[in-house]
Amino acid sequence: MNGVRAIFERELRSYFFSPMAWIVLAFVLLVNGYIFALILSFLSDARSPGSVTPMRLFFGDTFFFWMVLIFIVPVLTMRLISEERKSGTLEMLMTAPVNETQVVLGKYFAALAFYIFLWMPTGIYVLVVAQHSSVDWGPIASGYLGIFGIGSVFLAVGLLASSLSKNQIVAAVITFAMLMFFFAIYFVDSLVTDETLKNILTYMNLLQHMEDFGKGIVDTRRLVYYLSTSVLFLFFTSRALAAKKWS
Amino acid sequence: MSTEKTASHRQKPWVDGSLLGVGVLLAVGIFAMVNYLSMRHYERFDWTRSKIYTLSEKSLQVVQQIDEPVEMVLVQGLVGEDDVLGATEELLDRYAAANPSFVDKRVVDLVRNPLEAQRLAQEYEISEDTAIILVTEEDRRFVNRSDLAEYDYSGMQFGQPPTMQAFTGEESITRALLELMEDHQPKVVFTRGHGEAPLDVGGMRSLSAARNYFDKENFLVDTWTSLGAREVPKGTDLLVIAGPTVGFLPEELELFSSYLEGGGRLLVMLDPALTETGLPLDLGLEDWLAGFGVGISDDFIIDPESDAAFVGPEIIATSEYGVHPIVEPLAGDGAPVMFSLARSVQGLDAVPEGMQITELVRTSDAAWGETDFENLDAYGFDEADVPGPVAMGVAVTFSGSARAEVPGTTEAGTTEAANPEAVTDDAGGALAAASEGRLVVFGDLDFASDVSVSNAGNSSLLLNTFNWLVQREYLISIERDPPDQTRLNLDGGELLQIVLLVLVLQPGLALVAGFLVWRMRRR
């Protein structure tokens, strides 16, 4: 655990002392702010349905929400392993008294912590809504739980992609392509008619998941899926690192 | 030696690669197994305050009673139904999650699965309006699209499409499930011919809104004119006397007595009734009900400490309940009921043997039953009045020999029934009924009327009473409040402030922080 913590602290420090990370934060806040402003102006219209809350619309009900996720995850993860491989520091890291798993976990948790940090300022939106209307805190909590869960999967995917290439851009592109696969599930789910396949695709359909989380529905299937998928991709990443060590 | 080292060195990647492959396959296998188990065994939690994504207690009770396979087939594919369809599919997920052992959901797309759609059409003779088919091995029920939502059509004259006002899917599906599961649809008969509250016409005394509740609970509602009749209609599970303003004849009371003797159930709702001269009207029921140990006073209740704000003391809001299944959910939730211009109904001290009387709902201690109808302008408690706390409803259960003494069938003071054969062991018949007799009397009709039935816990009290009387205790619950509505009223200035905060200030601060970090690194 000491190894994991040391790597976690190192990576987290490098995030906060990187100008790129703050640009990413500014981008995230700009896009989310735009979404939120749009939602507020829509709901201030007397013709809008009173049963839809601002935060429910904010959590996954717009294209911009997913755009934020798809773009920031590759940026957060692309340098995690590929930069170290390119600069040669990965070999040195692997000779230190840490194994591949500890390296992967330390980097993963650092990325996850920074990802959470990126979403924290959106808490102000909740306070703004609370000033002007009643707030049901349950769906707010579940909405953020959904963001955390989906983020944990995406970051694990990004970390794997980063371990597959020495080039950060290539790693980012691989991450982007793999994330698009998750979105493709949404479209294929609506086209498929075979019952078994449809059940599987619906189970994996992240857009449907986020819609439920935004409403306030927390389903254990989603949580198990996120945890198991993250663990699977992290396992692949540690095996990829180990394979590189042998070669 | 060096050859051996080279050989083992060449073998190592193969061995490592094989191990890696096995490890990956094992990991994928475990991943698939874990998620397969998760798909089959899961829980859904509703974190909303008003639990709008949770089935109501009633729906939950209905679906959890299901003990044979039920398939819910959602038929989709028509244009312009996305909003209702999405809500319906989510709703069906809730039913399936509530009883995963027996309830299953399937979606058939008419456009993408024409073969399956054709098979459904042939087997179940579905119509274009059919949205959901509920299927068991022996039976089926349909829920139509028109049952799933209430629409506002006022914009159609301007070329606008109808807008959905309320989603009513849960009520419709639960009702269909009830019909599917129940062998028998309880028949409720309302008496007629004594100025009783109408069922079909709206108005202050009308029960038309309550009738909608009865329909949703799968009650079959009918009416019956008791005057001149020979018996209560066959198959009547519950007889209701709702707010009479004209008295009953002894012959009619005999019919009621015979009906109760035969295991019937009766609900009586009595408002204070006055003659043209303003004096209490004798409906003929008071003495008859006294034979059940039920005392009905010629009064109207005043409660200066009623919980209802901004109304007079003759409108009583109370959450004081007795211990009885009918009011147990209301008491548990602390939900009040509202009675308007009610009369006191309480258990008498002398209760006939074999009868059990329970007070259902009471006023506060400060209330009383005002008996002075001649001075309504200036009322106050005096010795002639009924002291509080005053009961406004009672439930009576009776069994065995108690039925033989049902009043109205004999001369006063005797114990012979109108039909002596029915009460002896030799005759069998009436005494053979195993279930207990049940009677509920309320000193108010208004709580069930169109004006008040949707107020507070009134609908719950009414439906729980019905369900208890016909022995459908598993349906006794509390009606859920409508979901919270959220509306924002931001003016231009407030919106501008928020836009500046979220679009300028927050991202700006992040950029400034990034700039400072860059400067720091340069040094």
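The values are calculated or read from the model by the stated rules, or taken from the named source; none is laboratory data. What you are looking at is a predicted structure, and each value in this text was computed from that prediction instead of being measured. Every residue, glycine among them, receives a Cβ derived from its backbone with ideal geometry; neighbour counts consider all protein chains shown.
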Scan (1) within 15 Å of B:VAL143 (Cβ to Cβ); (2) in a loop (DSSP other than H, G, I, E, B) for the single condition B:ARG112 breaks and write down its number.
(1)
Give B:MET181, B:MET269 a once-over and let me know the one that is in contact (Cβ under 8 Å) with a residue 24 or more places away in the chain and over 30 Å from B:VAL143 (Cβ atoms).
B:MET269
Cβ pairs under 7 Å, 6+ apart or interchain, first in segment B:509-523 and at the interface with chain A (Cβ under 8 Å from one of its Cβ atoms) and within 20 Å of A:MET120 (Cβ to Cβ), second among the β-branched types (Val, Ile, Thr) and part of a helix (DSSP H, G or I), ordered by first then second residue, are B:GLY514/A:ILE23
Whichever residue in segment A:228-247 is within 9 Å of chain B (Cβ to nearest Cβ), hydrophobic (A, V, I, L, M, F, W, C) and under 17 Å from the mean Cα position of the chain (by Cα) and, among such residues, is surrounded by the most Cβ atoms within 10 Å (Cβ to Cβ)
A:LEU232
Within segment B:321-359, take every residue that is of a type in the set (Ser, Thr, Tyr) and in contact with a helix residue (DSSP H, G or I) (Cβ under 7 Å, 6 or more places away or on another chain) and give me the one that is farthest from B:ILE301 (Cα to Cα).
B:TYR321
Can you name the residue in segment B:89-109 that is without any contact (Cβ under 8 Å) to a residue 40 or more places away in the chain and assigned to a helix (DSSP H, G or I) and, of all such residues, is nearest to B:ARG40 (Cα to Cα)?
B:ALA96
Helices (runs of 4 or more DSSP H) contained in segment A:1-87 and holding at least 1 residues surrounded by fewer than 19 Cβ atoms within 10 Å (Cβ to Cβ), more than 9 Å from chain B (Cβ to nearest Cβ) and at pLDDT below 85
A:2-16, A:19-43, A:63-77, A:82-87
Going through (1) surrounded by fewer than 19 Cβ atoms within 10 Å (Cβ to Cβ); (2) more than 14 Å from the chain's Cα centre (by Cα); (3) not small (Gly, Ala, Ser) one by one, A:PRO139 fails only at (1)
Of the listed residues (B:GLY195, B:GLY169, B:GLY159), the one being at pLDDT 80 or above and at positive phi is B:GLY195
Residues to consider are B:TYR53, B:TYR42; find the one that is at the interface with another protein chain (Cβ under 10 Å from one of its Cβ atoms), touching a helix residue (DSSP H, G or I) at 6+ places or on another chain (Cβ under 7 Å), modelled with pLDDT of 85 or more and part of a loop (DSSP other than H, G, I, E, B).
B:TYR42
Can you tell me which residue within segment A:194-209, out of those that are at the interface with chain B (Cβ under 10 Å from one of its Cβ atoms) and not acidic (Asp, Glu), is surrounded by the fewest Cβ atoms within 10 Å (Cβ to Cβ)?
A:ASN199
Selection from segment B:341-356 of residues that are among the hydrophobic types (A, V, I, L, M, F, W, C) and surrounded by fewer than 23 Cβ atoms within 10 Å (Cβ to Cβ)
B:LEU341, B:LEU348, B:ALA350, B:VAL351, B:MET355
Select from segment A:2-15 the residues that are of a type outside the set (S, T, N, Q) and farther than 11 Å from A:PHE109 by Cβ and list them in ascending order.
A:GLY3, A:ALA6, A:ARG10, A:ARG13, A:TYR15
The listed residue being in contact (Cβ under 8 Å) with a residue 12 or more places away in the chain and either exposed (fewer than 14 other Cβ atoms within 10 Å of the Cβ) or within 13 Å of the chain's Cα centre (by Cα) (or both), out of A:PRO121, A:PRO97:
A:PRO97
How many residues are within 7 Å of another protein chain (Cβ to nearest Cβ) and assigned to a helix (DSSP H, G or I) if we restrict to segment A:210-224?
4
Return the only residue of B:ASP16, B:ASP83 being at pLDDT below 85, part of a helix (DSSP H, G or I), within 12 Å of chain A (Cβ to nearest Cβ) and touching a helix residue (DSSP H, G or I) at 6+ places or on another chain (Cβ under 6 Å).
B:ASP16
Out of A:THR202, A:THR237, sole residue that is modelled with pLDDT of 90 or more and either in a strand (DSSP E or B) or not hydrophobic (A, V, I, L, M, F, W, C) (or both)
A:THR237
Quick test of your reading of the structure: B:GLY264 fulfils all but one of (1) buried (at least 20 other Cβ atoms within 10 Å of the Cβ); (2) without any contact (Cβ under 8 Å) to a residue 60 or more places away in the chain; (3) under 20 Å from B:TRP224 (Cα atoms). Name the failing condition by number.
(2)
Being in a loop (DSSP other than H, G, I, E, B), surrounded by fewer than 17 Cβ atoms within 10 Å (Cβ to Cβ) and either in contact with a helix residue (DSSP H, G or I) (Cβ under 9 Å, 6 or more places away or on another chain) or modelled with pLDDT of 75 or more (or both) is the filter here; which residues of segment B:488-522 pass it?
B:ASN489
Of everything in segment B:94-140, what is within 11 Å of chain A (Cβ to nearest Cβ) and either within 9 Å of B:VAL73 (Cβ to Cβ) or of a type in the set (Asp, Glu) (or both)? Give them in sequence order.
B:ASP104, B:LYS105, B:ARG106, B:VAL107, B:VAL108, B:ASP109, B:GLU116
Subset tally (residues that are out of contact with any helix residue (DSSP H, G or I) (no Cβ under 7 Å at 6 or more places or on another chain) and either touching a residue at least 24 places away in the same chain (Cβ under 8 Å) or among the aromatic types (Phe, Trp, Tyr) (or both)) for segment B:215-229:
6
For segment A:100-141, enumerate the residues that are over 23 Å from B:LEU495 (Cβ atoms), at the interface with chain B (Cβ under 10 Å from one of its Cβ atoms) and among the aromatic types (Phe, Trp, Tyr).
A:TRP137
